[in-house]
1. About its Cα centre, what dipole magnitude does the range B:182-267 give when the only charges are +1 on Lys and Arg Cβ and -1 on Asp and Glu Cβ, stated in debye to the nearest 20?
2. Lys/Arg Cβ at +1, Asp/Glu Cβ at -1, dipole of the range B:230-293 taken about the Cα centre: which of B:ALA246, B:GLY235, B:ILE268 is farthest positive-ward?
3. Return the percentage of antiparallel bridges among DSSP beta bridges fully within chain B, rounded to the nearest 5 %.
4. Return the percentage of antiparallel bridges among DSSP beta bridges fully within the range B:117-248, rounded to the nearest 5 %.
5. Percentage of Cα-Cα pair distances in the protein assembly as shown greater than 43 Å, rounded to whole percent?
6. Can you say what percent of the DSSP beta bridges in the protein assembly as shown, counting only those with both residues inside, are antiparallel? Round to 5.
7. Take the alpha carbon atoms of the range A:146-182, find their center, do the same for the range B:13-77, and report the distance between the two centers in whole angstrom.
8. If you rank B:SER29, A:SER232 by fewest surrounding Cβ atoms within 10 Å, what's the result?
Amino acid sequence: MTTPEGTFAPAPGRAPVQQMIVAHGLLETRLLLRNGEQLLLALVIPLVLLVAGALAPGIDIAGKTTGDRLGVLTPGVLALTIMSTSFTSLAIATAFERRYGVLKRLGASPLTRTGLLAGKLIAIGLVELLQVVLVVAVALALGWQPGSDPASIPVAALLLVAGTWAFVPLGLLLAGTVRAEAVLAAANGIYLVLVAGGATLLPVDAYPRVLQPLIGFLPSGALAEGLRETLSAGPVAWGDVAGHVVVLLAWALAAGLVTARTFRWH
Amino acid sequence: MGELVVEVDDLVVRYGRGRTAVTAVDGLSLVVERASITAILGPNGAGKTTTIETCEGYRHPNGGRVSVLGLDPVRDRKALMPRIGVMLQGGGAWSGVRTKEMLRHIARLHAHPLDVDVLLDRLDLTRSARTPYRRLSGGERQKLGLAMAIVGRPELVFLDEPTAGLDPQARRSAWALLEELRRDGVSIVLTTHYMEEAERLADQVYVVDHGTVIASGSPDELTSRGASNTLRFRGPTGLDLRSLIAALPEGCDVREPTPGNYVVLGPIDPHLLATVTAWCATNGVLAQSLAVERHTLEDVFLDLTGRELVPPAEQPRNRGRRERR
């Protein structure tokens, strides 16, 4: 089964940049949605928390034991989905890409490192969009009543983007410096710590007073607290939101600088 | 000499720093001609992979110069990558990605890729097109790695041990594929520790040990180098060896180790063979079982270093040449 002469005649060249980035983003999205553990983290856990938190009798969420629990819970679960995708899932996937030589192999392809990162951001964006749509739909079906200020939707979207921006370099920082197995443990561990102790699901004022300033400056606290304030009844508190966004961008900048210096591609 | 697509000049690559630094490549030089197959042959740890990865832009040289298609592999990375194909020694794919999905992805990164289905078919991967990478056999992974290296229609491919882990049939098929690539004008650099691979495929072989080239040339030049080849024949006992030696070029020797068995030692080339048969004709000798014994690259390596190219534990069975030693 010899090939006809000229089959392999060289014709090198890179594909258009947008085509490469979109192809990479869509492939990473497919791979993520095909992976059972990732799917559990991205969709099953947030939705189970939302449904159980809303329906289970006798639970006390920030002093609210009845129907209004969703007002606290839904923004928290949204923050959780952002964290799971742009931090935990990204860190684990990238660490194994490093381990399996995927990053190394793609490093010898026409796709540049910037293009690879852009593709990753597309995948993260698509998965987060799916998560947010599902969480909001389920919350509304359960009787969630978000605030009525029309500005709350774009502001919430801004917070979700700023949260992603803060968590992505943190995920890459972990993925680019530690062995894959350690990343698997650490990414899940940090996620659990931030869920339980980082004001993700519970408001900052539910924590002991001495810890409150610290927790408010965690990326999880800033993101979830901002979402809770924005999506609750009443007009958007612009000053508070700006404060949370500044905290998130500070994390993005700091983690981005450290990651750019420490990330090892192979 | 044709156009050079790779020039490595006095390359030095070290790992680590200070007292714990290890010198992986130590003053290595080589060149690769366009549309040729160049083999870098040597034992594990000789510096083959480090050399090839420096050409691929993965490592900064600590000394010396590397030029690939006239470009600096690190500085001109963006311009170089679309023009070369790379096969790493292992991995390079997500564990959950399917064979065809992975190959199609690499194809989509290039402007004029090969037809993915044709390539899968040529490499006998069609049946595992939908199999996730983690469930592929070692041989299937190697073949996918090779496909990924050539799908972008590169001018130059770097293949790090392309046939390691392939069964003999798949290996021959891969060799045929590499010959088709060369036929179509692709330049190929491969590392190997299989001397048959270098002998069968390569136009030029660089024998590497301890990070430097210890011998180079075409397989024929390497295996006929020095006075190490032999010509054997049988004939009547007690021939006049001095007369035969006198007929041969300077530096040749003839022995009769056992009665009627003759061994000619020296640079055995067609001319020398003709001289021996002419001498036989003149002296009315009917030479029987006339045989030229060519030395293999493995013998060359053993002669040069006193060590085996492949440790005995790694030897594939039935290689057919072990019996001679």
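1. Using only the charged Cβ atoms, the result is roughly 240 debye.
2. So the residue we want is B:GLY235.
3. Taking every DSSP beta bridge within chain B, about 65 percent pair in antiparallel fashion.
4. On the way: 5 of 10 bridges.
Expressed as a percentage, antiparallel bridges in the range B:117-248 total about 50.
5. On the way: 69171 of 174345 pairs.
Of all Cα-Cα pairs in the protein assembly as shown, 40 percent lie more than 43 Å apart.
6. Restricted to the protein assembly as shown, the bridges split so that about 65 percent are antiparallel.
7. One Cα centre to the other: 41 Å.
8. The fewest-first ordering by Cβ neighbours comes to B:SER29, A:SER232.
Read-outs: derived from the displayed coordinates by stated rules, not from any lab. Only a predicted model underlies this, so the values are computations on that prediction, with no experimental measurement involved. Here the Cβ is made from the backbone with ideal geometry for all residues, glycine too, and neighbour counts use every protein chain on show.
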